[in-house]
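The values are calculated or read from the model by the stated rules, or taken from the named source; none is laboratory data. Not measured: the values here are computed from a predicted model. Every residue, glycine among them, receives a Cβ derived from its backbone with ideal geometry; neighbour counts consider all protein chains shown. Just so you know, the surface numbers come from the protein's heavy atoms only, side chains and all, with ligands and any DNA or RNA stripped out. Shrake-Rupley method; radii C 1.70, N 1.55, O 1.52, S 1.80 Å.
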Amino acid sequence: MLTENVIDISSVSKQHQFDKKISIVTFLGKNVQEVKGELFNLNEKIYKPFYGFKDFQLIVIASPEVKDDVEKLEKEIGTYTNMISWKFVYADDTEIQVLYDSFKTNQSLDNKLHSSKAFIIDKGGNLRGRNDDEDSAGGKLFGYNMKSVAELNNKMKDDVKVVLAEYRLALKKNNADRQI
């Protein structure tokens, strides 16, 4: 756990929430064509293996001014992916910046409100990552580089598995406690 209690997405979109969900969050920015490959990588390496889990969701945050481009991208990805757990959230520049700042990462959004990082938010609304990553400055890995298939496949996939395993173990323990 790297950042506790990030601002919930429900502050931007009443239809969505981080609470009680394992969320993969991306900040798409305002140049969809330039960064769409990142979402294709994320779809293949993270979304497809995990979308079947009931409480799993992928949240893409974008500016309303690129809604048409985002809808085209959604159709492109949807031609070969079940999009049931993809959530597209549109927010104004200030809302996007405030939400991102609540993650308290070691990087900023670019001038188009984009980050090439994907973030894991656990069911408690906490940013998950690594605090002992040998490849990251200061050892902290706040988000996973969507441009790097290797990083998504080797680090992010493992970390999502850890979060899912924690919840499965907690659920088993709670069920066992109830039976006594």
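Structure values in brief
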read-out: Among GLN97, PHE119, ILE61 - extreme Cα towards positive end, dipole of the stretch 1-131, charges at beta-carbon; value: PHE119
read-out: Trypsin sites (Lys or Arg not before Pro) restricted to the stretch 1-92 and DSSP loop, no more than 12 other C-beta within 10 Å; value: LYS14, LYS20, LYS54
read-out: Equivalent ellipsoid, the stretch 59-150 (semi-axes from 5 times Cα gyration tensor eigenvalues, Å); value: 25, 17, 13
read-out: For the chain: accessible area per residue (Å², 1.4 Å); value: 51
read-out: Size of charge dipole - the chain - debye, nearest 20, with Cβ of Lys, Arg +1 and Asp, Glu -1, no other charges; value: 760
read-out: Once exposed loop GluC sites (Glu not before Pro) are cut out (DSSP; at most 11 other Cβ, 10 Å), longest piece of the chain; value: 5-133
read-out: Cα-based helix-to-principal-axis angle, 93-102 vs the chain, degrees rounded to 10; value: 30
read-out: Carbon + sulfur, % of accessible area of the stretch 31-173 - ligands and nucleic acids excluded, 1.4 Å; value: 48
read-out: DSSP-assigned coil residues among chymotrypsin sites (Phe, Trp or Tyr not before Pro) in the stretch 56-134, each with at most 11 further Cβ atoms within 10 Å; value: TYR80
read-out: Radius of gyration, Dmax [the chain; alpha carbons; angstrom]; value: 16.0, 56
